[in-house]
Amino acid sequence: MKKILLSLFAAYLFLAVPASAQYQAPQTEQTKKQALPDEATLDSHKHYTNKSGATVHSPAKSTDNKVPNGATAQCRDGSYSFSQNHSGTCSHHGGVGNWL
């Protein structure tokens, strides 16, 4: 009986709190890096599907000499990668020069 009452109370609390007041995780550096790049500042506009099934912008060079929004690594050939996994990042661009 006690478990039933606790379950009902927990359900009431969950339903009584409006969605706007529910907890939202703060933005971390990782979630900021996953922002979409500005296509106007890139020299290539190709995409690929990663091993998790997400569509990711292919490595591209910056046309304004700035680190593009959403870049996670700079490849050795100067292009920026938007990879969400370390495995295979910059594999056709000379490897990773440095992680951002």
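Rule-based calculations on the coordinates, nothing more; no lab input. What you see is a predicted model, and the numbers here were worked out from it, not measured in a lab. Cβ placement follows ideal geometry from the backbone for every residue including glycine, while neighbour counts extend to all protein chains displayed.
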message: If I model a spin label as a point 7 Å beyond the Cα along the Cα-Cβ vector, how far apart are those points for Asn65 and His47 in nm?
response: 3.1
- prompt: When you count, for each residue, the other Cβ atoms within 10 Å and take the mean per peptide, how do 73-84, 89-100, 44-55 rank with the highest first?
  reply: 73-84, 89-100, 44-55
query: According to the square roots a ≥ b ≥ c of the eigenvalues of the Cα gyration tensor, what is the shape class of region 54-100, taking rounded for a/c under 1.5, prolate for a/b larger than b/c otherwise, and oblate for the remainder?
result: oblate
